[in-house]
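Below is one structure, written out as structure tokens, with a few remarks after it.
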Amino acid sequence: MTDDSEKTTHFGFETVPENEKAGRVRGVFGSVASKYDIMNDVMSGGIHRLWKDAMMDWLAPRAGQTLLDVAGGTGDIAFRFLKRAGAGHATVLDLTEPMLIEGRKRAEAEAMHDALDWVVGDAMALPFPDNSFDVYTISFGIRNVTRPQDALAEAFRVLRPGGRLMVLEFSQIPNDLMQKAYDLYSFNVIPRMGQVIAGDRDSYQYLVESIRKFPDQDTFLGMVRGAGFEQAKYRNLSLGIAALHSGWKL
């Protein structure tokens, strides 16, 4: 029998004890919190905004729905959800409090404060009862979770029957030549941007490595189905640089 303290996982390309990963991830995002939104725009040329809009298009929020946005950071998805829904409630949960603090500073947060909650918490042990939310989203966050399958199981638990899961995450381009070109950009340019803009090369080196360690689209689809979600499917964005996975608790 393996003791939990002996189990390992990846932190980028490094193998670490499972019980260390959350602390390391918290350190990464605590370090870059104040520059996180700027870096997202610079790294993607603003395309991350189109991906998040595509997520909302497929999700089609409805008035009165309740959202749990896990690894919600500075609130991008929650703000979009509430604008699309017109009326509803969003709970933004993140492991890293400095990210939530940055989110609460945004103008949208002030305008929507009656419809927003900000909660520090762990995707693998959500502090909510069963059947609490209509929608669960996680964007560019599940690859940082120590055990993504546990996070998906928690998503299933807290969703109400008829609830929707949607995951936006970096993925794999199904063309070897294009993937190699993208890797050259990722590994050579993004860490340098992190150094110049955020003063933190190492955190962005980790973020690039974590993308390469994350399962491809079909493997992750199997994980979504394995958590109990039905009608599970995915859509590639920008040729597969990112992917949207969707599932229903039926």
Test of understanding: among 134, 94, which residue is under 16 Å from residue 164 (Cβ atoms) and of a type in the set (D, E, K, R)? 134
Enumeration of residues in segment 167-208 that are among the hydroxyl-bearing types (Ser, Thr, Tyr) and under 20 Å from the mean Cα position of the chain (by Cα): 171, 186, 203, 204, 206
Residues being touching a residue at least 40 places away in the same chain (Cβ under 8 Å) and assigned to a helix (DSSP H, G or I) - total across segment 72-91: 3
Segment 193-250, residues that are over 30 Å from residue 162 (Cβ atoms) and among the basic types (Lys, Arg): 201, 212, 213
Within segment 120-153, residues β-branched (Val, Ile, Thr) and surrounded by fewer than 17 Cβ atoms within 10 Å (Cβ to Cβ) come out as 120
Considering only residues of segment 22-44 that are crowded, with 19+ Cβ neighbours inside 10 Å and β-branched (Val, Ile, Thr), which is nearest to residue 9 (Cα to Cα)? 25
Which residues, counting only those in segment 200-224, are of a type outside the set (Ser, Thr, Tyr), out of contact with any Ser or Thr (no Cβ under 6 Å at 6 or more places or on another chain) and under 18 Å from residue 241 (Cβ atoms)? 207, 209, 211, 212, 213, 214, 215, 216, 218, 220, 221
So, first residue under 8 Å from residue 99 (Cα atoms) in segment 28-43, second residue in a helix (DSSP H, G or I) and not polar (S, T, N, Q), Cβ within less than 7 Å, six or more apart or across chains; the pairs are 29/99; 30/98; 33/98; 33/99; 33/102; 34/102
Might you check whether a residue that is basic (Lys, Arg), farther than 26 Å from residue 247 by Cα and not in a loop (DSSP other than H, G, I, E, B) occurs anywhere in segment 42-63? no
Being of a type in the set (Gly, Ala, Ser) and touching a Ser or Thr at 6+ places or on another chain (Cβ under 9 Å) is the filter; apply it to segment 164-199 and report the residue that is surrounded by the fewest Cβ atoms within 10 Å (Cβ to Cβ). 199
Members of segment 53-75 that are crowded, with 20+ Cβ neighbours inside 10 Å and within 15 Å of the chain's Cα centre (by Cα): 55, 67, 68, 69, 70, 71, 72, 73, 74, 75
Filtering segment 137-184 down to residues that are in a helix (DSSP H, G or I), more than 17 Å from residue 25 (Cβ to Cβ), in contact (Cβ under 8 Å) with a residue 24 or more places away in the chain and hydrophobic (A, V, I, L, M, F, W, C) yields 152, 153, 155, 156, 158, 178
Within segment 50-71, is there a residue that is at pLDDT below 95, basic (Lys, Arg), out of contact with any Cys (no Cβ under 8 Å at 6 or more places or on another chain) and under 17 Å from residue 140 (Cα atoms)? no
Could you list, in sequence order, all residues of segment 92-119 that are in a strand (DSSP E or B), over 14 Å from the mean Cα position of the chain (by Cα) and either within 17 Å of residue 51 (Cβ to Cβ) or of a type in the set (Val, Ile, Thr) (or both)? 119
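The values are calculated or read from the model by the stated rules, or taken from the named source; none is laboratory data. Computed from a predicted structure; not experimentally measured. Neighbour counts run over all protein chains shown; Cβ positions are idealised from the backbone, glycine included.
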